[in-house]
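Participant: Input: one structure, supplied below.
The values are calculated or read from the model by the stated rules, or taken from the named source; none is laboratory data. Because the structure is predicted, anything quoted here is derived from the model rather than measured. Cβ coordinates were reconstructed from backbone atoms using ideal geometry, including for glycine residues, and neighbour counts include every protein chain displayed.
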Ligand SMILES: [Zn+2]
Ligand SMILES: [Zn+2]
């Protein structure tokens, strides 16, 4: 089979690999769509823990496909089923896993991050993932591409769930990439009256407003603009969908009394100590939170939103490539060209 294999920093090779063998408790999935994520770009640009010349990895963690083969001990799943794959798995027995938060498990592993993933014609689903329900059958009207995009959507849903958006809230999202616009769509779904999107790129803002006409784009002087648009109150919810320390600092200033602030985007390791004005949290009674990855249940819910037509992720797909052209897909993603780049099989 063809597979895109990461060997280290800026070393992604398209290779011919044997189709994975499965044991009696595993499932083999024929990948139909896999989306390129900011995490893939970071792994490509910076390299990743545990990945080197001696330990290469097939990357890709946003994927969907058809079940090809099922181990003899596996219940329920059958060849031919169209399935979305939740890539995260835990040990299954620790406190976090028992609470349903396998994405927070100390022994957390994920397809495309620590196990061979979706930028390949076939992917093996390990026993623990099969047993815990990471293979999710999808309805016929949902495309493989939409199912693949349910993965980043589930992470956004985790973030937005921390923000307790109420009908009529004023929401600010900083960062107009695919994750930022997914936050906007979910904020709207949750009842936000106004959703402002801020980015330095006018091109990205224009694209976002063309997809979601209710959005209020702000490219400059965002702090003053928020004041103006909210009669000085500030935003009820501020979500930072970008890796910029100064944006985290500004988020506290732009939040209204009783505001909720979510640091969705992580900060690069060498800059992660960010000075924050804690009196702002104190006197405005802010809730400052963050989020990472998504639980399996959140993944199921996100797929459900897509399936029910409440969230339309189709429009976020701006380019599609065969696996042979994965390099082109990566250069689009690296250059922040368009929104989601898809690899189709
Ligand atoms: Zn991702
Ligand atoms: Zn665990």
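Participant: Among (1) free of Cβ contacts under 8 Å to residues at least 24 places away in the same chain; (2) at positive phi; (3) within 16 Å of ligand 1 (Cβ to nearest atom), there is one condition residue 109 misses while meeting the rest; what is its number?
Facilitator: (2)
Participant: Taking residue 302, is it in contact with a helix residue (DSSP H, G or I) (Cβ under 7 Å, 6 or more places away or on another chain) and modelled with pLDDT of 95 or more?
Facilitator: Answer is yes for this residue.
Participant: Tell me, please, whether a residue that is within 16 Å of ligand 1 (Cβ to nearest atom) and either free of Cβ contacts under 8 Å to residues at least 60 places away in the same chain or not assigned by TED's automatic domain parsing to the domain that holds residue 50 (or both) can be found in region 118-133.
Facilitator: no
Participant: Any chance you could count how many residues in region 69-89 are within 16 Å of ligand 2 (Cβ to nearest atom) and either surrounded by fewer than 21 Cβ atoms within 10 Å (Cβ to Cβ) or in a loop (DSSP other than H, G, I, E, B) (or both)?
Facilitator: 2
Participant: So, one more: Go through the residues of region 33-43 one by one and say whether even a single one is in contact with a strand residue (DSSP E or B) (Cβ under 9 Å, 6 or more places away or on another chain), more than 16 Å from ligand 1 (Cβ to nearest atom) and within 30 Å of residue 314 (Cα to Cα).
Facilitator: Looking for residues that are in contact with a strand residue (DSSP E or B) (Cβ under 9 Å, 6 or more places away or on another chain), more than 16 Å from ligand 1 (Cβ to nearest atom) and within 30 Å of residue 314 (Cα to Cα), one finds none in region 33-43, hence no.
Participant: If I filter region 105-118 down to residues being more than 8 Å from ligand 2 (Cβ to nearest atom) and not in a strand (DSSP E or B), which single residue comes out as surrounded by the fewest Cβ atoms within 10 Å (Cβ to Cβ)?
Facilitator: 114
Participant: Search region 187-216 for residues that are at positive phi and pair each with any residue that is outside any helix (DSSP H, G or I) when their beta-carbon atoms are under 9 Å apart and the residues are at least 6 apart or on different chains.
Facilitator: 191/165; 191/166; 191/167; 191/168; 191/169
Participant: I would also like to ask the following. Do we find that residue 132 is over 20 Å from the mean Cα position of the chain (by Cα) and within 30 Å of residue 52 (Cβ to Cβ) in this structure?
Facilitator: Answer is yes for this residue.
Participant: For region 119-139, which residues satisfy the criterion of being in contact with a strand residue (DSSP E or B) (Cβ under 9 Å, 6 or more places away or on another chain), closer than 30 Å to residue 18 by Cα and assigned to a loop (DSSP other than H, G, I, E, B)?
Facilitator: Result: 119, 121, 126, 134, 138.
Participant: Report yes if residue 66 is surrounded by fewer than 18 Cβ atoms within 10 Å (Cβ to Cβ), away from ligand 1 (no atom under 16 Å from the Cβ), in a strand (DSSP E or B) and more than 21 Å from the chain's Cα centre (by Cα), otherwise no.
Facilitator: Taking the combined requirement at face value, the residue satisfies it.
Participant: Report every pair of residues separated by at least 6 positions or lying on different chains whose Cβ atoms are under 7 Å apart, first residue within region 141-162 and closer than 15 Å to residue 34 by Cβ, second within 16 Å of ligand 2 (Cβ to nearest atom).
Facilitator: Sorted first by the residue in region 141-162, then by its partner, the pairs are 151/87.
Participant: Got at least one residue in region 35-50 being away from ligand 2 (no atom under 16 Å from the Cβ), under 28 Å from residue 67 (Cβ atoms) and part of a strand (DSSP E or B)?
Facilitator: yes
Participant: Turning to a different aspect of this structure: Going by what's in this entry, would residue 265 be described as over 29 Å from residue 345 (Cβ atoms), buried (at least 20 other Cβ atoms within 10 Å of the Cβ) and touching a strand residue (DSSP E or B) at 6+ places or on another chain (Cβ under 8 Å)?
Facilitator: Yes, satisfied.
Participant: Next up: Kindly establish whether residue 92 is in contact (Cβ under 8 Å) with a residue 24 or more places away in the chain, within 16 Å of ligand 2 (Cβ to nearest atom), outside the structural domain of residue 180 (by TED's automatic domain parsing) and surrounded by fewer than 23 Cβ atoms within 10 Å (Cβ to Cβ).
Facilitator: yes
Participant: Regarding residue 184, is this residue crowded, with 19+ Cβ neighbours inside 10 Å and within 16 Å of ligand 2 (Cβ to nearest atom)?
Facilitator: no
Participant: Tally the residues that are within 14 Å of ligand 2 (Cβ to nearest atom) and crowded, with 24+ Cβ neighbours inside 10 Å, restricting the search to region 119-133.
Facilitator: 1
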